[in-house]
Amino acid sequence: MNKPVNQKAWFFVLPVLLLVAFNAIVPLMTVVNYSVQETFGNNEFFWSGVIWFEELMRNPRFHDSLGRQFTFTLTILAIEIPLGVIIALAMPRKGIWVSVCLVLMALPLLIPWNVVGAMWNIFALPEIGLLGKTLNTLGFDYNYTRQTGAAWFTLITMDVWHWTSLVVLLSYAGLVSIPDAYYQAARIDGASPWAIFRYIQLPKMKRVLTIAILLRFMDSFNIYTEPLVLTGGGPGNSTTLLSIDLAKKALGEFDLGPAAAMSLIYFLVILLTSWIFYTLMMRNEEQ
Amino acid sequence: MKRYAWLIPTIYIIFLMLPIYWLVTMSFKTTNEILGSFTLFPQRFTLDNYRTIFTDPTWYWGYINSIIYVSLNTVISVAAALPAAYAFSRYRFLGDKHLFFWLLTNRMAPAAVFALPFFQLYSAIELFDTHIAVALAHTLFNIPLAVWILEGFMSGVPRQLDETAYVDGYSFPAFFTKIFIPTIGAGIGVAAFFCFMFSWVELLLAKTLTAVYAKPIAATMTKTASTSGYELGLLAAAGTLTIIPGAIVIWFVRNYIAKGFALGRV
């Protein structure tokens, strides 16, 4: 489909452009401004060049939280994407149960993030929480406020609980858009369930899965409220993800310069990865 | 294998419901019971927690504030995204692809990065602690998403529809409001659902931009937790009540979610 060229279309985009530019460019410039200055209070700022960036690159604290962030994001992607696809494949296609499944599955997506964190905080407490108490009764020594492993286990379970449904909804939408004729043809050819999945369902889900991966990547990299309420970054610093570290610096310690430099690097990491995904996605579409 | 397929969604839904059950059951317990013993059901069933919330204005105003700014945000985001998505789906223009990606990048901006600059920006234009401030701030990540979703739906509508309408003598505004918008109703439903969802669940920016008059319910919860010790029963009741608006919205758009996604490219 060849779209006609029409420069007047810019007028349609204008409201969106103004709103987003107001919200994006002014704050982003503020951050850039801080990242190259030094302050000693009293609203006095001095030009400091790129020292904050250089310092950050050598800072082990930053390396650690960046490493934890990547570990977290890759782990939840590795669990949520296959799990979401499996659940979508097993879902009913017709009847009342479709609505029931969709409504119940979408529920975690609509709970405010701090409530999600608080809910899991209590749910996993070893003495009074259902999960913690059950695990301890079964003989596991589980206490997420003291053990690093248990804290990570709880954090990842919480995220899987919270977001797998998004992958399910998107994959399911991709699946129901496959016409019946495809399945009939496959049956005539005597295709195995695996072959149907590999050559019919997976290619049809490619686009929605790319969107799912992209959204989950961006959102898990930005995750802040849930881990903060769940573990507060502890025990020690073991679950201090990038955004928690950043907020500690900017709001807690009021180290504006370093925090701003960190924000920019943070943003660039997300931008670069998403751009690679996006380019790959667009290339696939053109083929 | 097909016969046991229903087991997978069933087990998944049970897993989803367990923490929610725990929250709801706690909201009917007294704080002493929650802290003192491990009980699967409330031993002394109480509605006191809910009574507190519905009679104390600092609590119920939190809900009203949240609903006001979330609704404002949904309306602004969808209204602004509609013409933009139409432009992206129907025309090519200078810099369209770059613009589209630039919009998406704002979906990626970490709220933690923008919290402090947002506070300064909205204080400077004297909108701090108003509903409109939070609604505008949330458009940062909701407009890109709405444009993305709506563009997918609009591209699924053949352009012959537009051309036939013009031949029939419709002007552009008449065509857009009378024919085009009803055609992509499902898409608008899905976009509005996602705008509602992401604005409702966001806390960091909403909390940063408000103090008293527009304070969201989620922020009320954190405040209460720190001033009067841990009133777990009360917090659980407040948490349970935050799930309800979401559940109502899902119920209304459930058919759009199933069919709507399939129609569009999302």
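The values are calculated or read from the model by the stated rules, or taken from the named source; none is laboratory data. As the structure is a prediction and not an experimental result, all values here were calculated from the model. Every residue, glycine among them, receives a Cβ derived from its backbone with ideal geometry; neighbour counts consider all protein chains shown.
Going through segment B:117-139 one residue at a time, which ones are free of Cβ contacts under 8 Å to residues at least 40 places away in the same chain and within 12 Å of B:T208 (Cα to Cα)?
B:P117, B:Q120, B:L121, B:S123 - these are the residues of segment B:117-139 that are free of Cβ contacts under 8 Å to residues at least 40 places away in the same chain and within 12 Å of B:T208 (Cα to Cα).
Quick one: A:D219 ticks every box in (1) at pLDDT 85 or above; (2) facing chain B (nearest Cβ under 10 Å); (3) under 14 Å from A:V85 (Cα atoms) except a single one, so which number is it?
Tallying (1) at pLDDT 85 or above; (2) facing chain B (nearest Cβ under 10 Å); (3) under 14 Å from A:V85 (Cα atoms), A:D219 fails exactly one: (3).
When you go through (1) in contact (Cβ under 8 Å) with a residue 40 or more places away in the chain; (2) within 16 Å of A:K94 (Cα to Cα); (3) not aromatic (F, W, Y) one by one for A:I178, which number turns out not to apply?
With respect to (1) in contact (Cβ under 8 Å) with a residue 40 or more places away in the chain; (2) within 16 Å of A:K94 (Cα to Cα); (3) not aromatic (F, W, Y), A:I178 is out only on (1).
I need the full set of residues from segment B:215-266 which are modelled with pLDDT under 70 and part of a loop (DSSP other than H, G, I, E, B), in order please.
Hits for segment B:215-266 are B:S228, B:G229, B:Y230, B:G264, B:R265, B:V266.
Are any residues in segment B:3-14 at the interface with another protein chain (Cβ under 7 Å from one of its Cβ atoms) and assigned to a helix (DSSP H, G or I), and if so, which ones?
B:I8, B:P9, B:Y12, B:I13
So is B:T58 of a type in the set (S, T, Y), within 27 Å of the chain's Cα centre (by Cα) and surrounded by 17 or more Cβ atoms within 10 Å (Cβ to Cβ) or not?
Spelling it out, it is not the case that B:T58 is of a type in the set (S, T, Y), within 27 Å of the chain's Cα centre (by Cα) and surrounded by 17 or more Cβ atoms within 10 Å (Cβ to Cβ).
For the list (1) surrounded by fewer than 22 Cβ atoms within 10 Å (Cβ to Cβ); (2) assigned to a helix (DSSP H, G or I); (3) free of Cβ contacts under 8 Å to residues at least 60 places away in the same chain, I need the number of the one condition that A:S274 fails.
Unmet condition: (3).
Starting from residues that are in a loop (DSSP other than H, G, I, E, B) and within 14 Å of chain B (Cβ to nearest Cβ), keep the ones in segment A:222-244 and report whichever is farthest from A:S274 (Cα to Cα).
Ranking the qualifying residues of segment A:222-244, first place goes to A:G232.
Kindly list the number of the only condition in (1) aliphatic (A, V, I, L, M); (2) more than 20 Å from B:F141 (Cβ to Cβ); (3) within 10 Å of chain A (Cβ to nearest Cβ); (4) in a helix (DSSP H, G or I) that fails for B:I64.
Only one criterion in (1) aliphatic (A, V, I, L, M); (2) more than 20 Å from B:F141 (Cβ to Cβ); (3) within 10 Å of chain A (Cβ to nearest Cβ); (4) in a helix (DSSP H, G or I) is unmet by B:I64, namely (3).
Being among the hydrophobic types (A, V, I, L, M, F, W, C), without any contact (Cβ under 8 Å) to a residue 60 or more places away in the chain, at the interface with chain A (Cβ under 10 Å from one of its Cβ atoms) and farther than 23 Å from B:F101 by Cα is the requirement here; does B:L161 meet it? It would help to see each step written out before you state the result.
Details: among the hydrophobic types (A, V, I, L, M, F, W, C): yes; without any contact (Cβ under 8 Å) to a residue 60 or more places away in the chain: yes; at the interface with chain A (Cβ under 10 Å from one of its Cβ atoms): no; farther than 23 Å from B:F101 by Cα: yes.
Taking the combined requirement at face value, the residue does not satisfy it.
Out of all the residues in segment B:1-26, which are within 27 Å of the chain's Cα centre (by Cα) and over 18 Å from A:A124 (Cβ atoms)? Talk me through it step by step, then tell me what you get.
Let us first name the residues in segment B:1-26 that are within 27 Å of the chain's Cα centre (by Cα), namely B:9-26.
Scanning segment B:1-26 gives B:P9, B:T10, B:I11, B:Y12, B:I13.
Kindly state which helices (runs of 4 or more DSSP H) lie completely within segment B:116-183 and contain at least 3 residues that are charged (D, E, K, R). If you could, list the steps in order and put the result at the bottom.
Values: elements: B:131-155, B:160-167, B:172-175.
Passing ranges: none, list empty.
Based on what the data block shows, is A:S99 within 23 Å of B:V249 (Cα to Cα), among the hydroxyl-bearing types (S, T, Y) and over 25 Å from the mean Cα position of the chain (by Cα)?
Working: within 23 Å of B:V249 (Cα to Cα): yes; among the hydroxyl-bearing types (S, T, Y): yes; over 25 Å from the mean Cα position of the chain (by Cα): yes.
When the stated conditions are applied, A:S99 passes them.
Quick one: count up the residues across segment B:76-95 that are surrounded by fewer than 23 Cβ atoms within 10 Å (Cβ to Cβ), over 24 Å from the mean Cα position of the chain (by Cα) and at pLDDT 85 or above.
6
Test A:W152 against the stated conditions and say whether it is within 14 Å of another protein chain (Cβ to nearest Cβ), out of contact with any Gly (no Cβ under 6 Å at 6 or more places or on another chain) and either assigned to a helix (DSSP H, G or I) or more than 30 Å from A:L241 (Cα to Cα) (or both).
no
Among the residues of segment A:194-225, count how many are within 12 Å of the chain's Cα centre (by Cα) and not hydrophobic (A, V, I, L, M, F, W, C).
5
Return a yes/no flag: does segment A:169-188 have any residue that is among the aliphatic types (A, V, I, L, M) and under 26 Å from B:Y21 (Cβ atoms).
Looking for residues that are among the aliphatic types (A, V, I, L, M) and under 26 Å from B:Y21 (Cβ atoms), one finds at least one in segment A:169-188, hence yes.
Among the residues of segment A:188-200, are any within 14 Å of another protein chain (Cβ to nearest Cβ), surrounded by 13 or more Cβ atoms within 10 Å (Cβ to Cβ), of a type in the set (A, V, I, L, M, F, W, C) and under 30 Å from A:M281 (Cα atoms)?
yes
Does any residue of segment A:114-129 turn out to be of a type in the set (G, A, S) and closer than 30 Å to A:R198 by Cα? So that I can check it myself, show each step before the final result.
Within segment A:114-129, the first condition is being of a type in the set (G, A, S), and the residues that meet it are A:117-118, A:124, A:129.
Narrowing the set further to residues that are closer than 30 Å to A:R198 by Cα leaves none.
Checking segment A:114-129: not a single residue is of a type in the set (G, A, S) and closer than 30 Å to A:R198 by Cα.
(1) over 24 Å from B:A174 (Cβ atoms); (2) in contact with a Phe, Trp or Tyr (Cβ under 9 Å, 6 or more places away or on another chain): which one isn't true of B:W102, the others all being true?
(2)
Which numbered condition in (1) more than 7 Å from every other protein chain (Cβ to nearest Cβ); (2) surrounded by fewer than 23 Cβ atoms within 10 Å (Cβ to Cβ); (3) in contact (Cβ under 8 Å) with a residue 24 or more places away in the chain is the only one that A:A88 fails?
Checking A:A88 against (1) more than 7 Å from every other protein chain (Cβ to nearest Cβ); (2) surrounded by fewer than 23 Cβ atoms within 10 Å (Cβ to Cβ); (3) in contact (Cβ under 8 Å) with a residue 24 or more places away in the chain, the one that fails is (2).
Out of all the residues in segment B:106-144, which are surrounded by 19 or more Cβ atoms within 10 Å (Cβ to Cβ) and among the hydroxyl-bearing types (S, T, Y)?
B:Y122, B:T139, listed by residue number.
In segment A:216-251, what residues are in contact with a helix residue (DSSP H, G or I) (Cβ under 7 Å, 6 or more places away or on another chain) and at positive phi?
A:G233
Filter segment B:21-45 down to the residues that are at the interface with chain A (Cβ under 10 Å from one of its Cβ atoms), farther than 22 Å from A:P108 by Cα, of a type in the set (V, I, T) and assigned to a helix (DSSP H, G or I) and list them by number.
Correct list: B:I34 only.
Among what's in segment B:82-103 and is at the interface with chain A (Cβ under 7 Å from one of its Cβ atoms), part of a helix (DSSP H, G or I) and hydrophobic (A, V, I, L, M, F, W, C), pick the residue that is nearest to B:G189 (Cα to Cα).
Going through segment B:82-103, the residues at the interface with chain A (Cβ under 7 Å from one of its Cβ atoms) turn out to be B:83-84, B:86-87, B:90-94, B:99, B:101, B:103.
Filter once more, keeping what is part of a helix (DSSP H, G or I): B:83-84, B:86-87, B:90, B:99, B:101, B:103.
Pick out the ones that are also hydrophobic (A, V, I, L, M, F, W, C) and you get B:84, B:87, B:99, B:101, B:103.
On the way: B:A84: 17, B:A87: 20, B:L99: 25, B:F101: 23, B:L103: 21 Å.
The qualifying residue nearest to B:G189 (Cα to Cα) is B:A84.
Listed here are the residues, each with its yes/no results for (1) facing chain B (nearest Cβ under 9 Å); (2) crowded, with 17+ Cβ neighbours inside 10 Å.
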| residue | (1), (2) |
| --- | --- |
| A:Q147 | no, no |
| A:D159 | no, yes |
| A:S165 | yes, yes |
| A:L169 | yes, yes |
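For B:L209, which of the numbered conditions (1) modelled with pLDDT of 80 or more; (2) at the interface with chain A (Cβ under 10 Å from one of its Cβ atoms); (3) buried (at least 24 other Cβ atoms within 10 Å of the Cβ); (4) over 30 Å from B:L47 (Cα atoms) fails to hold?
(2)
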